[in-house]
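Only one structure is covered here, and it is reproduced in the block below.
Taken together, the values in this text are just the output of simple stated rules run on the coordinates, not laboratory data. Since we're looking at a predicted model, the values are computed, not measured. Cβ sites come from the backbone with ideal geometry, for glycine too, and all protein chains shown count toward neighbours.
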Amino acid sequence: MKEPLPRRPGRPAGVSKSNEKRDLLLDTALKMFAQQGIAETPLSAIAREAGVTSAMLHYYFNTREQLLDVLIDERFLPARPSMREIFETHADDPVAAIRALAQRLIDIAVKHSWFAPLWIREVLGESGLLKQRMDARFGDNEKKAIHQCMRNWQKQGYLNGDIEPELLFISLFGLTLLPIAALQNQRNAGKTTLTADDLSRHVAALLVRGIAP
């Protein structure tokens, strides 16, 4: 009996095309979720926007929750800044840690146009389905650990004691993600020449020196 021929290296032809369709659906879902919200975006609308049938979308994702979990694991978490990592890297310098986090948020929002509007709509808002899904899966241990780290800095005199740890991140998101989303819209309309570098300089000045001359 003849030995079977060895399989040629590389993926079967159908696998690559299947991955392309799956990636297209993920990209389309991210764009639509950022534009109009997760709750307001049915799977049928995603399929229609991507130019595939609803049956094709359900072949990859049976439910919106399954699609959301895949988006979190494959797109959102890899892009989301690791706040704990940043604070551990700058364990003795809260100013450097907070500036680094602000810069990371700006860099990510510039690289991924969906990040700022999706975060604003679905994470900062208490009713956001993305926040609810992430809280259910991962809890808030990272956030609590960073809040405690900041309180320790305050006790040691490294950080302004008037700063409220639970409000700091909301303030940072307001300083970075809101302007990035606004700049994207204004640049598309030709109404501004400001860049992400201008925003980085502005945020660093506010964080370190405040508004006093």
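Miscellaneous remarks
- As a calculated quantity, the FRET efficiency between Glu164 and Glu40 at R0 = 30 Å, using C-beta atoms, amounts to about 0.35.
- Estimated FRET transfer efficiency when R0 is 35 angstrom, pair Gln66-Leu124 (beta carbons, to 0.05): 0.90
- Pairs of Cα atoms farther than 20 Å apart, segment 85-157, %: 45 percent
- Within-13-Å neighbourhood charge of Thr195 [Cβ basis; K, R +1; D, E -1]: -1
- The chain - mean residue ellipticity at 222 nm from DSSP helices (-39,500 (n - 2.57) per run, n ≥ 4, rounded to 500): -21000 deg cm²/dmol
- Karplus-derived HN-Hα couplings along segment 25-38 (A = 6.51, B = -1.76, C = 1.60, θ = phi - 60°), whole Hz, x at Gly and Pro: 5, 5, 4, 5, 4, 4, 4, 6, 4, 5, 7, 10, x, 6
- With the simple spin-label model, which puts each label point 7 Å out from Cα in the Cβ direction, the Leu24 to Ala91 separation comes to 4.9 nm.
- Net charge contributed by nearby residues that have their C-beta within less than 11 Å of Ser82 (K/R +1, D/E -1): 0
- Between helix 94-111 and the chain: long-axis angle, C-alpha atoms, 0 to 90°, nearest 10: 40 degrees
- Helix 129-138 and the long axis of the chain differ in direction by around 90°, with both axes built from C-alpha atoms.
- Anisotropy class of the chain from Cα gyration tensor, a/c 1.5 cut: prolate
- Taking trypsin sites (Lys or Arg not before Pro) in DSSP loop conformation with at most 11 other Cβ atoms inside 10 Å as exposed sites, the chain has its longest uninterrupted site-free stretch at 8-190.
- Segment 100-213 shape via C-alpha gyration tensor axes, a/c threshold 1.5: oblate
- A crude spin-label estimate for the pair Gln156 and Thr195, with each label 7 Å from Cα along the Cβ direction, gives 3.7 nm.
- Once both labels are positioned 7 Å from their Cα atoms along Cα-to-Cβ, the gap between Asn188 and His58 label points is 3.2 nm.
- By the beta-carbon count within 10 Å of each Cβ, the least crowded to most crowded order of Ile72, Ile146, fewest first, is Ile72, Ile146.
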